[in-house]
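Read the structure below first, then the notes.
The values are calculated or read from the model by the stated rules, or taken from the named source; none is laboratory data. Note that the coordinates shown come from a computational prediction; the quantities given were computed from them, not determined experimentally. Backbone-built Cβ (ideal geometry, glycine too); neighbour counts: all protein chains shown.
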Amino acid sequence: MESRINSRRSFNKTISFELSLIESDQIKNIKSAGTGVDISPDGLGISINYALAVGDVLKLNIPDNKEKSANAVFAEVVWSKPSNSHFRMGLRFLR
């Protein structure tokens, strides 16, 4: 059963993101990009080339259609699953 309140719309754009992870007691800063799949006021579907863990928080740079810029927002990974050679993830915007 679908738990979304708001409807999604297609969103096929490149989205850059950043996150920091702790691996072997070292902070690892990751800067990468993925492809948006869909978007709603509450979150974003994205496809990237490696898995992230549920609970990871990303800083996203989402392209703005009206202005040739990007809006920085934070989002939490709420689910992740393999999809062909990539990983498909659902992100919830943090307010």
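Hey, any hits in segment 60-69 for a residue that's touching a Pro at 6+ places or on another chain (Cβ under 9 Å), farther than 24 Å from S85 by Cβ, modelled with pLDDT under 95 and part of a loop (DSSP other than H, G, I, E, B)?
As a first pass, look at segment 60-69 and keep what is touching a Pro at 6+ places or on another chain (Cβ under 9 Å): 69.
Going one step further and asking which of them are farther than 24 Å from S85 by Cβ, we end up with 69.
The next check asks that each one be modelled with pLDDT under 95; those that pass are 69.
Imposing the further condition that a residue be part of a loop (DSSP other than H, G, I, E, B) reduces the set to 69.
Checked segment 60-69: at least one residue is touching a Pro at 6+ places or on another chain (Cβ under 9 Å), farther than 24 Å from S85 by Cβ, modelled with pLDDT under 95 and part of a loop (DSSP other than H, G, I, E, B).
Return the residue satisfying two criteria in turn: it lies in segment 72-85 and is more than 16 Å from S16 (Cα to Cα) and touching a residue at least 12 places away in the same chain (Cβ under 8 Å), and of such residues it is surrounded by the fewest Cβ atoms within 10 Å (Cβ to Cβ).
Let us first name the residues in segment 72-85 that are more than 16 Å from S16 (Cα to Cα), namely 78-85.
Those left that are additionally touching a residue at least 12 places away in the same chain (Cβ under 8 Å): 78-80, 82-83, 85.
Numbers: V78: 12, W79: 11, S80: 19, P82: 9, S83: 11, S85: 7.
Looking at the filtered set, the residue picked out is S85.
Take L44 and tell me if it is surrounded by 15 or more Cβ atoms within 10 Å (Cβ to Cβ) and outside any strand (DSSP E or B).
Numbers: surrounded by 15 or more Cβ atoms within 10 Å (Cβ to Cβ): yes; outside any strand (DSSP E or B): no.
Judged against the criteria, L44 is not a match.
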